[in-house]
Amino acid sequence: MKLPDCKDHAVRVIHPRPGGDRTPSTTRPEYVIHDSTREFTIKQQKAGVGYFGQVRVRLVDGPGLVTWQADPLDHSSLQPGSSDDDEFIAAALAGAADGQRLAGEAGADNAGWSIEVVHVQVNHTDIEQSAVRAAAALAVASAFGVGERTELSFDGGWIARCKITEP
């Protein structure tokens, strides 16, 4: 299958820094592109509270499943089996499923694609479930080429949604 064309206007490629660090230097949300892999980072503060979520997803041929496929040797990613990590992994998986639905609502043809969650960045200070879930959803929307039709919103927690357009 051919990957969808990415039509995001707010996209930039992040090249690894010396030492392999791919962490964005900016504090604003952004899309990261690499082949069929997309990443979205939320690093925000609201009322003095830090919110962090950084999720990388990959599109693969498949029946529409969302699966965890992070490298178990990647210590910069959360890993299943740790009571501290499991709730955020569940949020990333739920967010990827949200993103698949959101991409369809935004006009993407998402049939025949499964989503693999391949990385959820470790950040023990500010990681927050709604930020992880929204970051996963927006990464998936970007992977389907409809990132410009979605937006990040805050209403007691971070939410990914289709942009509201005025007629």
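The values are calculated or read from the model by the stated rules, or taken from the named source; none is laboratory data. As the structure is a prediction and not an experimental result, all values here were calculated from the model. The area values use the complete protein model at the heavy-atom level, side chains included, leaving out ligands, DNA and RNA. Shrake-Rupley method; radii C 1.70, N 1.55, O 1.52, S 1.80 Å.
What number comes out for accessible area per residue over segment 45-130 if the probe is 1.4 Å? Units Å², please.
Here the residues of segment 45-130 average 48 Å² of exposed surface.
Round to a whole number: what % of the accessible area of segment 88-167 belongs to carbon and sulfur, probe 1.4 Å?
For segment 88-167, the apolar C and S fraction of the accessible surface comes to 48 percent.
Segment 32-167: percent of C-alpha pairs farther apart than 21 Å?
Every Cα pair in segment 32-167 considered, those over 21 Å come to 35 percent.
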